[in-house]
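Report on the following structure.
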Amino acid sequence: MEGTPKRPSNQELLLQEILQEALELPLSGEVANYIPALASVNPNQCGIAVANLDGEVHMAGDANVPFSIQSVSKVYGLTMAMLRMGDDLWRRVHMEPSGQAFNSIVQLEWEHGIPRNPFINAGAIVVADTLVSHYSSSKSAFTSFVRNLADNQDIYVNQGIFQSEKSHGNRNAALAYLMKSFGNIEAEVEDTLDHYFFQCSIDMSCADVARSLSFLANRGVQPHSGEQIVTRRDAHRINAILQTSGMYDQSGEFAFEVGLPAKSGVGGGIVAIVPNYGVICAWSPRLNQYGNSCLGMYMITRLAEKLGLSVY
């Protein structure tokens, strides 16, 4: 990207226009139902927020409505693990695109319990294991970290979704026990999974998510506080993995069409990082075949097109 992208004179008007375009599209996609508590969410909600580096947050639609962040939580977990472990983390999880489903067991068996990247489930479980092993209370530490990044102390885990995750997490348990057999899970499997399901069950709004991850658009510095969250090198590394692996099996297409580092979750949220500009978070619960929000994809794509936000 050359220079800093220009901001429109009225960002909220532009966001409202894009939101209205999205709402007028033919209905497509289905709400995630493999976690029963997620299936009960209102599928017609839709919101978008942009957090700029001057600290302002612009919103449209349901951007202040909390939703289950699910795999978006993997970005926070990875950041915490990198801060605690440094380069030792990359001995336990790699940084390559997987080319397989995000919950693939076969690939993990082939590669002797070392996950391809921290954004597939196996990789995120290893990251969760490092947090359980390095914090006396990893769930409290995770919640505090996210609250401070978002500058919002009213962020909590959704207990209904947390219990639903734990009751229907057999495939994730299979991944964890397989990695334990290869020596790549250090804590008790039950404790690691408990943390993993907990972090996925946190509720945040589009505004919360966009504000919280602004440091990734600002060379590691959180704009609203001035705090150096990660080094410039680590901000670069997180963004690079987001670009190659953050959108499940649609990561290549998203890079091709939109050109931004991004992470999605089956709760319907998508967050996209725009270096030197800010962070976009869009949310709508109906998912496409890859597990990405149909309307969230549309809104971020349209905003990137209109403002020329691609990093390429």
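The values are calculated or read from the model by the stated rules, or taken from the named source; none is laboratory data. Bear in mind that the values here come from a model prediction, so they are computed numbers and not experimental data. No Cβ is skipped: glycine too gets one built from the backbone with ideal geometry, and neighbour counts run over all protein chains shown.
Assorted remarks:
- Scanning region 106-125 for residues that are aliphatic (A, V, I, L, M) and over 17 Å from Val189 (Cα atoms) gives Val106, Ile120.
- Check on Thr143, in contact with a helix residue (DSSP H, G or I) (Cβ under 6 Å, 6 or more places away or on another chain), of a type in the set (Ser, Thr, Tyr), surrounded by 18 or more Cβ atoms within 10 Å (Cβ to Cβ) and assigned to a helix (DSSP H, G or I): no
- Matching residues, region 113-140, being part of a loop (DSSP other than H, G, I, E, B), of a type outside the set (Val, Ile, Thr) and either under 16 Å from Arg91 (Cα atoms) or under 18 Å from the mean Cα position of the chain (by Cα) (or both): Gly113, Pro115, Arg116, Asn117, Pro118, Phe119
- Odd one out for Leu108, checked against (1) surrounded by 24 or more Cβ atoms within 10 Å (Cβ to Cβ); (2) modelled with pLDDT of 95 or more; (3) not in a loop (DSSP other than H, G, I, E, B): (2)
- Every residue from region 30-52 that is part of a loop (DSSP other than H, G, I, E, B), surrounded by 20 or more Cβ atoms within 10 Å (Cβ to Cβ) and either aromatic (Phe, Trp, Tyr) or at pLDDT 95 or above (or both): Cys46
- Matching option when the condition is touching a residue at least 60 places away in the same chain (Cβ under 8 Å) and assigned by TED's automatic domain parsing to the domain that holds Gly296, among Leu78, Leu53: Leu53
- Filtering region 8-25 to residues that are out of contact with any helix residue (DSSP H, G or I) (no Cβ under 8 Å at 6 or more places or on another chain) and modelled with pLDDT under 95 leaves Ser9, Asn10, Gln11, Glu12.
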